[in-house]
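A.B. asks: Please read through the structure below; I'll follow up with questions.
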Amino acid sequence: QVQLVESGGGLVQPGGSLRLSCAASGSFSNINTMGWYRQAPGKQRELVASITSGGITKYADSVKERFTISRDSAKHTVSLQMNSVKPEDTAVYYCCLQDLYINFKPTRTSWGQGTQVTVSS
């Protein structure tokens, strides 16, 4: 079982910065993808950014050039540096860990509880 604990959410003004962090514990494969998803009210959960254990990153087009994902595999943590935030970035942000790959597809996805990010003046 995998436990994911997020931290760092809160209220930030448009144009400001925020850093989210997530720590994973429990039993999981060293070959995994960690990432951040978000869900705004009335919308589906969407991928924000992800990073594989090999360091390959993926970003949603809406956050490219503004957000940066990083990980410390030794500490089992992943972080999301959010710069130049916009009101449309307001959402609950969820940390995610995918592992147990078969044919290059993860067979298990674990989620954190979520942390609220609100961008408002």
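The values are calculated or read from the model by the stated rules, or taken from the named source; none is laboratory data. For clarity, every value in this text was computed on a predicted model and none was experimentally measured. Ideal geometry is used to build each Cβ from the backbone, glycine not excepted, and the neighbour counts take in all protein chains shown. Side chains are part of the model used for accessible areas, which takes the heavy atoms of the whole protein and leaves out ligands, DNA and RNA. Shrake-Rupley method; radii C 1.70, N 1.55, O 1.52, S 1.80 Å.
A.B. asks: Against the globular-protein guess of 2.2 N^0.38 Å, express the Cα radius of gyration of segment 66-121 as a ratio, rounded to two decimals.
C.D. replies: Rg over 2.2 N^0.38 Å, computed on Cα atoms: 1.39.
A.B. asks: Using label points projected 7 Å from each Cα along Cα→Cβ, tell me how many nm separate Ser7 and Gln44, to one decimal.
C.D. replies: Label at Ser7, label at Gln44, 3.4 nm between them.
A.B. asks: Follow-up question, since we're still on this one. Take a quick pass over the chain and tell me how many lysine pairs come in under 22 angstrom between Cα atoms, counting only ones 8 or more apart or on separate chains.
C.D. replies: Total qualifying Lys-Lys pairs in the chain comes to 7.
A.B. asks: Quick one: what are the phi-derived ³J(HN,Hα) couplings along segment 106-119, Karplus 6.51/-1.76/1.60 with θ = phi - 60°, whole Hz, x for glycine and proline?
C.D. replies: Working through the residues one at a time gives x, 9, 9, 10, 10, 10, x, 6, x, 9, 7, 10, 10, 10 Hz.
A.B. asks: Would you work out what percent of the accessible area of the chain, with all protein chains in place, is carbon or sulfur (probe 1.4 Å)?
C.D. replies: Answer for the chain is 49 percent, counting heavy atoms of protein chains only.
A.B. asks: Could you state the accessible area per residue of the chain in Å², with a 1.4 Å probe and every protein chain left in place?
C.D. replies: So the chain comes to 56 Å² accessible per residue, rounded to a whole number.
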